[in-house]
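Participant: Mind looking over this structure? Questions follow.
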Amino acid sequence: MVSKNKKLNLKDKYQYLTRDMAWEPTYQKKKDIFPDEDFEGIKITDWSQWEDPFRLTMDAYWKYQAEKEKKLYAIFDAFAQNNGHQNISDARYVNALKLFLTGVSPLEHAAFQGYSKVGRQFSGAGARVACQMQAIDELRHSQTQQHAMSHYNKHFNGLHDAAHMHDRVWFLSVPKSFFDDARTAGPFEFLTAISFSFEYVLTNLLFVPFMSGAAYNGDMATVTFGFSAQSDEARHMTLGLEVIKFILEQHEDNVPIVQRWIDKWFWRGFRLLSLVSMMMDYMLPNKVMSWSEAWEVYYEQNGGALFKDLERYGIRPPKYQDVANDAKHHLSHQLWSTFYQYSQATNFHTWIPGKEEMDWMSEKYPDTFDKYYRPRYEYWAKEHAEGRRFYNNTLPQLCQVCQVPTLFTEMGEPTRLSHRQMKYEGERYHFCSEACCDIFKHEPEKYIQAWLPVHQIYQGNCEGGDVETVVQKYYHIEVGVDNFEYIGSPDHKHWLSIKGKSFDSKAEKSEQDAA
Amino acid sequence: MSIEIKTNSVEPIRQTYGHIARRFGDKPATRYQEASYDLEAKTNFHYRPQWDSRYELNDDRRTAIRMADWYAVSDPRQFYYGAYVGNRAKMQEAAETSFSFCDKRNLLTRLPEETQKQLLRLLVPLRHVELGANMNNAKIAGEATATTVSQMHIYTGMDRLGIGQYLSRIALMIDGSTGAALDESKGYWMDDELWQPMRKLVEDTLVVDDWFELTLVQNILIDGLMYNLVYHKMDAWFESQGAEDVSMLTEFMRDWYKESLRWTNAMIKAVAGESDANLEMLQKWTDHWEPQAYNALKPLAEASVGVEALDEARAELSTRLKKFGLQSQGVSA
Amino acid sequence: MSQLVFIAFQDNDDSRYLAEAVMEDNPDAELQHQPAMIRIQAEKRLVINRETMEEKLGRDWDVQEMLINVISIGGNVDEDDDHFILEWK
C-alpha cells in the first residue's frame, strides 16, 4: 500500500517514533493521569509546540551509549591493572575525589530518581521521553563514578562510605539539600533548577575545567568518566535550554514564575559550586585554570551570551549575579580556610598550600590573595610548625537555605562577614546572604523543614554529643585516618612509600615553614 | 592512634566500599554490586515533596508491600547500566539487520493489502500499549527506593519505548515512511471496538498509585498474557496468513520477553516469599487485574488466533504464578 | 557585548577530524587546546557539516556520531541530517 503521501523528514519521523505513540485519553481524565502538571501555576496551552531537543531513538541510544561504555570500561580496567593511582601528580589530589564521590556522585543518583519522576509527570510525551533518557544517563553517571573511584578506594582513605556520609555529614547537606529542594518541587521547577540553571548554566564549571585538571594531574580514570559523562551532558544541556524556551513561549504568565526560579536556582547552584571553587584552586596540585578564570569563561561569558538570548522572552540575568561575579576573587580562599579549620569533621584532608601554589594564587588573584588570604595561611603554617595545627572546635552557624556555614563576606567588603536573619512564626532563622534570605522569604514553609546538621548535633540526634563521637560513629569518618591535616596522615605516608620515601615529621614541618 | 603503613604500596588497604562490605564482606566486589547497592539517600531528607506531602522522598511506604530490605530484590542478569546497554546494543544490531533486509527486499510492501491491514489493525496498535508500559515503568523507577529495583524498571521502561519504536517502524515500512499507516493504526487504537478494552485497561493502569501493584499489573499480568499471545501465538497465525516475514521484525520482542522473565520472576519470588501479608496483597491485586488483562486481550485473540490461544497463555501464566504461591483464574490444559 | 557559542570535544583521534572540519567551515572560529580537550568558540554561530566530515573521513558520517566525543556546548542547537549548528540569534 505504498502511499502517495510525502516521505517524512527526520523531525516528523522522530515525532512518529515518540510522541505519536501517546494519545488523548478518554477512559480516565487527563488530570488524573497527570495530576502534578498544574500546581506550580505554569500554563501550557499546547504541548505540540515542544521541540525535541535531540532526536535519538532507542536503537541509536543503545548503540552509541554501548560504544561509550566499552571505551570507558577498557580504561578503568587498564587503570586498575596498572595501578594508575601511583601515577597521579600527588596524593593531595585524591582529596578532591573524596569530595566528589561524597558530594557529587549521590546527586547523580538523585538526578536519576528525579528525572524518572518527571519522565512520568508531564503530559507531553516528547518532554517525558527526553527526561527519561536523562534519567537513565544519570544512573549511568552514578554507576560509572562508583566504578572509577573503586580503585582509589582500595588505596586511599575517605572514599569508603559515600552515600552514608552524604545523608549525614555537615557540609554534605549543602549538595543534599540542593537536590532535595529540586526533587520536592513540581516538575517545571525541577527542570528549571536542574536542566537549565544547573546543567546548562553552571555544571560546565565542575565538569569541564575540573576534569581537564584531573587529566593534568594524571588521573586517567576520572577524566575519562568525566568527559564520557559530559558527552551525555551535551544532550541534557540542550534539553535545559529547550525547556526554558518552551515554558516561556507557552504563556506570558509563566515569565515571572520562571524568572523567580532562575534567580533562586542560579543562587542555589552558585553556593553549591563554592565547594568546586576550592577543589579547583586548592585540591589540584597541577593547576589548569583558576576558579575566577573558569567563572569568567563559563559563567560571565557563556552565561552572558545565554541571558542576552533570553532577553527577548522578558528574562533578565539572575538577580544576584553581581554578587556572584564579585565573589570570584574570594570564594575558593574563603571555603578552603573554613575547611582547613574543620578538617576534624571531614572525610578528606586539608593543608596549607606550598610556596609555589601561593605564588600562583597571588598571580591569579592579584587584588585579593596577598592582601586577605596569604597572611592567614602563613600564620596557620607557623602555628602548625610549632605543633599547634589550628582546628576550630566551635561548630559553625549554617545558613538556613544553602546550609553552607555563614563564612562569606559582603560584596565589596571582604573583611565584613555577610549575615542576615529574620523571624518567622516566632523562630529566628539565619542566612549567609541577602539572596538566601530572599529564597527563604518566598517559601518559608519549605525551608523551616531543613535538616541542619549542626542543629541536629546539638539536639542529640547524631549518636553523640561531642564531635569525635559524631564523626566516628554517625558519619563513619574514621578518626585519625580519614580526617585532619594531610601532612602526616596515613594517605600521605602511603604516598611517600609509593614514591620510595619515608615520612620524616621534622622535614615535613620545615617544608611547611617554607610555605 | 598509630597507623600501620603497609610496606607494599600496591597492596589494597580495603577491597571494596564500606556499604558493599557490610553486605557481602570485604572482598573484591562485582561491578554490579558496586553499581547497585545502597547508593540512594535513605534518611535526613530536608523537605517534603510538594507533589505528595504524605511521604518523604525515597519513602518505602509508597507501596503497600513491606520488605525488611528491598535489596532482597536484585537482578539475576546483573545489569548495571554498562552491561545493560552493551546487551541491548547487540540485540538492536540483529534487529537492524532484519529491518534493513525486509526493507531492501520490500518484504512487507509485497504483502497483500488485506494482510497489511491486519498488521496495522492487530499488531501495530500495540505501540500504544508499549508507551503506557514505558510511562508506568518510569513512574516505578522514580518511586522504588532500592537501586536494584529502580534500575530494572528504568531499563524496562526504555526497552518499552524501543519496542514501541520497532512496532512503529513496521508501519513506516508498509507505507513507505509517510506516516499514513501509523495514522491508520492509531485510528484503530482510538476507535475500533477491538482495542477499546485494552485502551481502557492501559488508561486504568496510568492512574494506579501503588508502584508495586503497578509493576505486578504491567510487567507480570498484562505482559504475561500479551507477550505470549502476540509474539508467540499470533506470530504463528500471521505466518499462516502469509506474513511470515514479520516474524523477523518481532524477534527482538521475543528475545526481550524471554529475558525479562528472569528479573520479573526473581522479583515476585522475593516479594511473595517475604511475608504472608505481601502474598495476600499480591493475591488481591492478581484477583483484581488478571481477569481485566484477559478480557482486554480477548477481542484481539478472537480477531486473530482464537480465544483458545489466549486461554493457553492464561494457563501458562497461572502455572508461573503458582510457583510464587499465587492463584489466578487460568486453568491448566 | 560579544556573544560566543562554543563546543568542546575530547582530545582524541575522532575529534581531530571534527576540529579540522569545524575550522574549515568556520574560518573565524578560535580553537583552544586544553588538557584532554579541544575547545572551539565563535561569535554567534558555529556549524558542523556532514558533508565536510564525510570528506575528511572518507566514509559516511552520521551527525549523531559526534555525540560520542562532545564534552560541552553553548548556544541554541539546530540539528538535522546534514548539519549541527550552534547559534545565538
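The values are calculated or read from the model by the stated rules, or taken from the named source; none is laboratory data. This one's a predicted model, so the numbers in the text were calculated from it and none came from an experiment. Reconstructed Cβ throughout: ideal geometry from the backbone, glycine too, with neighbour counts over all protein chains shown.
Participant: Is it the case that the range A:200-209 has a residue that's more than 17 Å from the chain's Cα centre (by Cα), of a type in the set (A, V, I, L, M, F, W, C) and closer than 18 Å to A:Leu99 by Cα?
Facilitator: Checked the range A:200-209: no residue is more than 17 Å from the chain's Cα centre (by Cα), of a type in the set (A, V, I, L, M, F, W, C) and closer than 18 Å to A:Leu99 by Cα.
Participant: Next question. Considering only residues of the range A:26-79 that are of a type in the set (Ser, Thr, Tyr) and more than 8 Å from chain B (Cβ to nearest Cβ), which is nearest to the chain's Cα centre (by Cα)?
Facilitator: A:Tyr64
Participant: Could you tell me whether A:Arg183 is basic (Lys, Arg), at pLDDT 95 or above, more than 23 Å from A:Trp267 (Cα to Cα) and surrounded by 24 or more Cβ atoms within 10 Å (Cβ to Cβ)?
Facilitator: Here the answer is no, as A:Arg183 does not meet what is asked.
Participant: Let me ask you something else. Answer yes or no as to whether A:Arg420 is touching a Cys at 6+ places or on another chain (Cβ under 6 Å) and of a type in the set (Lys, Arg).
Facilitator: Judged against the criteria, A:Arg420 is a match.
Participant: What pairs can you find where one residue is in the range A:123-151 and free of Cβ contacts under 8 Å to residues at least 40 places away in the same chain, the other is of a type in the set (Lys, Arg), and their Cβ atoms are less than 8 Å apart, with a gap of 6+ or different chains?
Facilitator: Close Cβ pairs (under 8 Å, with a partner that is of a type in the set (Lys, Arg)) amount to A:Arg128/A:Arg120.
Participant: Checking the condition at pLDDT 95 or above and closer than 25 Å to A:Phe100 by Cβ, which residue from A:Tyr391, A:Tyr298 passes?
Facilitator: A:Tyr391
Participant: If I ask for residues that are outside any helix (DSSP H, G or I), at the interface with chain B (Cβ under 9 Å from one of its Cβ atoms) and either in contact (Cβ under 8 Å) with a residue 60 or more places away in the chain or buried (at least 19 other Cβ atoms within 10 Å of the Cβ) (or both), which ones from the range A:433-451 would you list?
Facilitator: A:Ala450, A:Trp451
Participant: Name the one entry in B:Thr156, B:Thr148 that is more than 8 Å from chain A (Cβ to nearest Cβ), under 20 Å from B:Pro76 (Cβ atoms), under 12 Å from the mean Cα position of the chain (by Cα) and modelled with pLDDT of 95 or more.
Facilitator: B:Thr156
Participant: Which ones in the range C:31-62 are out of contact with any Leu (no Cβ under 9 Å at 6 or more places or on another chain), within 10 Å of chain A (Cβ to nearest Cβ) and either buried (at least 16 other Cβ atoms within 10 Å of the Cβ) or modelled with pLDDT under 90 (or both)?
Facilitator: Within the range C:31-62, C:Gln34, C:Pro35, C:Ala36, C:Met37 qualify.
Participant: Please find, among B:Gln283, B:Gln241, B:Gln218, B:Gln292, the residue that is under 23 Å from A:Asp32 (Cα atoms) and either small (Gly, Ala, Ser) or over 17 Å from the mean Cα position of the chain (by Cα) (or both).
Facilitator: On inspection, the qualifying residue turns out to be B:Gln292.
Participant: Right, next: Looking at the range C:1-12, I want the residues that are more than 8 Å from every other protein chain (Cβ to nearest Cβ) and surrounded by fewer than 23 Cβ atoms within 10 Å (Cβ to Cβ) and have a partner that is of a type in the set (S, T, N, Q) and part of a loop (DSSP other than H, G, I, E, B) with Cβ atoms under 7 Å, at least 6 apart or on another chain. Which pairs are those?
Facilitator: Once the first residue is more than 8 Å from every other protein chain (Cβ to nearest Cβ) and surrounded by fewer than 23 Cβ atoms within 10 Å (Cβ to Cβ) and sits in the range C:1-12, its partners that are of a type in the set (S, T, N, Q) and part of a loop (DSSP other than H, G, I, E, B) give C:Asn12/C:Asn69.
Participant: Return the total of residues in the range A:141-162 being hydrophobic (A, V, I, L, M, F, W, C) and part of a helix (DSSP H, G or I).
Facilitator: Of the residues in that region, 3 qualify.
Participant: Are any residues in the range A:163-208 within 14 Å of chain C (Cβ to nearest Cβ), in a helix (DSSP H, G or I) and touching a Ser or Thr at 6+ places or on another chain (Cβ under 9 Å), and if so, which ones?
Facilitator: A:Tyr200, A:Asn204, A:Leu205, A:Phe207
Participant: Let me ask something else. Among the listed residues A:Glu40, A:Glu67, which satisfies the condition of being out of contact with any Leu (no Cβ under 9 Å at 6 or more places or on another chain) and in a loop (DSSP other than H, G, I, E, B)?
Facilitator: None of the others qualify; the one that does is A:Glu40.
Participant: Scanning the range B:167-181 for residues that are part of a helix (DSSP H, G or I) and within 8 Å of chain A (Cβ to nearest Cβ), which turns out farthest from A:Gly126 (Cα to Cα)?
Facilitator: Checking each candidate, the answer is B:Ile174.
Participant: Any residue that is small (Gly, Ala, Ser), surrounded by fewer than 21 Cβ atoms within 10 Å (Cβ to Cβ) and at pLDDT 95 or above - is there at least one of those in the range B:290-297?
Facilitator: no
Participant: Cβ-Cβ below 7 Å, separation at least six or inter-chain, first residue in the range A:291-307 and closer than 16 Å to C:Gln34 by Cα, second crowded, with 23+ Cβ neighbours inside 10 Å and small (Gly, Ala, Ser): which pairs?
Facilitator: Pairs that qualify, where the first residue is closer than 16 Å to C:Gln34 by Cα and the partner is crowded, with 23+ Cβ neighbours inside 10 Å and small (Gly, Ala, Ser), are A:Trp291/A:Ser277; A:Trp291/A:Ser332.
Participant: A follow-up question, please. Return yes or no: is A:Ile262 over 30 Å from A:Lys355 (Cβ atoms) and either touching a strand residue (DSSP E or B) at 6+ places or on another chain (Cβ under 9 Å) or surrounded by 22 or more Cβ atoms within 10 Å (Cβ to Cβ) (or both)?
Facilitator: yes
Participant: Across the range B:182-200, which residue is farthest from A:Leu56 (Cα to Cα) among those that are of a type in the set (A, V, I, L, M) and more than 7 Å from chain A (Cβ to nearest Cβ)?
Facilitator: B:Leu194
Participant: Within the range A:86-101, is even one residue within 8 Å of another protein chain (Cβ to nearest Cβ) and under 21 Å from B:Ala141 (Cβ atoms)?
Facilitator: Within the range A:86-101 (the criterion being within 8 Å of another protein chain (Cβ to nearest Cβ) and under 21 Å from B:Ala141 (Cβ atoms)), the answer is no, since none of the residues qualifies.
Participant: How about the range B:50-90: which of its residues are β-branched (Val, Ile, Thr) and under 24 Å from B:Arg22 (Cα atoms)?
Facilitator: B:Val73
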